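Q: Provided herewith is a single structure, encoded as structure tokens, for subsequent inquiry.
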Amino acid sequence: MIELKDIAITKGGRQILHDINLRIPDNEFVAITGPNGSGKSTLAKIMMGIEKPDSGMILMDGKDITDLTIPQRAAQGIAFAFQAPVSFKGITVRRLMELASKKELSKSEVCNYLSKVGLCANNYLSREVNSSLSGGELKRIEIASVLARHASVSIFDEPEAGIDLWSFKNLIDVFGELRAECNGSIVVISHQERILNIADRVVLLEDGTIKDVIKQGEKYSLFTDQIRCCKC
């Protein structure tokens, strides 16, 4: 479980987030949405330790992790997939999968992870994770590496960005499988209604704070228009 208490951050004289209180229990899929500039990606990065809040506290399983570094949080079981994936010169796709899973993987195991995101392992096992790959390929490889982590908390910043429609459709199944296999929490930053519709809870950020929360099964009557406006 990860919990944020009274999180606030200001950058360049502008308050990006304030009064953020959010609890994400184990084995829950939470989607965070909101207009551009509402602080969604900043909130995700604060969970991972990429951004540091000016005030507030972050707890994981009741332990204060506010001051932990990115590697320390990763060791605690938090995984992160960037909106714009990073490349790793000199590291092959297979080695990246092994680093993520912290063990040697057979060809069939790597193939299993890559096939879930629509990639053929035979074409990628020995390729370097660098600029020779397209943005969509890097995105899918990064998502596969998060799957290999089996993390307690997996955070995805707009996973649909830069991937094709076939892979996006499979992402829906991937999220369900990820939660079932690792019994961990999933946090997804997204505008896509198909992702929002499968989440246990949808959190709406607006003007840097949580404006509303809807649970799965509740009617979207007062929420749908706000979600649609997030795509503008």
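Q: How big is the charge dipole of the chain about its Cα centre, in debye rounded to the nearest 20, if each Lys and Arg gets +1 on its Cβ and each Asp and Glu gets -1 on its Cβ?
A: Working: 29 positive and 30 negative charges, 103 e Å.
Around 500 debye, computed over the chain.
Q: A follow-up question, please. Give the long-range amide H neighbours of E51: residues separated by 5 or more places, or on another chain, with amide H under 5 Å away, using H modelled in the peptide plane at 1.01 Å from N.
A: When sequence neighbours closer than 5 places are left aside, the close amide H contacts are I46.
Q: Still on this model: Too long at a 31 Å Cα-Cα cut-off: which of K5/K169; K63/K107; K169/K215; K52/K169; K45/K103?
A: Working: K5/K169 34 Å; K63/K107 37 Å; K169/K215 22 Å; K52/K169 34 Å; K45/K103 26 Å.
Too far apart for the 31 Å limit: K5/K169; K63/K107; K52/K169.
Q: Rounded to the nearest 5, what is the percent of antiparallel bridges among the DSSP beta bridges in region 2-229? Numbers along the way, then the final one.
A: Values: 22 of 39 bridges.
Looking only at bridges with both residues in region 2-229, the antiparallel portion is about 55 percent.
Q: For region 1-109, which trypsin sites (Lys or Arg not before Pro) pass both filters: DSSP loop (anything but H, G, I, E, B) and at most 12 other C-beta atoms within 10 Å? Don't skip to the answer; put the middle values down first.
A: Details: sites: K5, K11, R14, R23, K40, K45, K63, R73, K89, R94, R95, K102, K103, K107; in loops: K102, K103.
Taking region 1-109 and a limit of 12 other Cβ atoms within 10 Å, the loop trypsin sites (Lys or Arg not before Pro) found are K102, K103.
Q: Given H placed on each backbone N at 1.01 Å, which residues far from S185 in sequence or on other chains put an amide H within less than 5 Å of it?
A: Amide H to amide H, under 5 Å and 5 or more residues apart or across chains, S185 pairs with N27, E28, V153, S154.
Q: What is the set of long-range amide H partners of T66 at a cut-off below 5 Å, with H atoms built 1.01 Å from backbone N?
A: It is I58, by chain and number.
Q: With contacts defined as alpha carbon pairs under 8 Å and 6 or more residues apart, what's the relative contact order of region 2-229 in percent? Could you put the intermediate results ahead of the total?
A: Values: 422 pairs, mean separation 64.9, N = 228.
This gives 28 percent for region 2-229.
Q: Applying the Karplus parametrisation 6.51 cos²θ - 1.76 cosθ + 1.60 with θ = phi - 60° to the phi angles of region 83-91, what ³J(HN,Hα) value in whole Hz is obtained for each residue in order, glycine and proline being reported as x?
A: The phi angles translate into 4, 10, x, 8, 9, 9, 4, x, 10 Hz.
Q: Could you work out how far helix 107-116 tilts from the main Cα principal axis of the chain, as a 0 to 90 degree angle to the nearest 10?
A: With rounding to tens, the tilt is 40 degrees.
Q: Using +1 at the C-beta of Lys and Arg and -1 at the C-beta of Asp and Glu, which of A148, N197, S134 has the Cα lying farthest in the positive direction of the dipole of region 2-229?
A: S134
Where a number appears in this text, it was derived from the coordinates with a stated rule and is not lab data. Keep in mind that what you see is a predicted model, and the values were worked out from it rather than measured. When we count neighbours, we look across all protein chains shown, and the Cβ atoms used for this are built from the backbone with ideal geometry, even at glycine.
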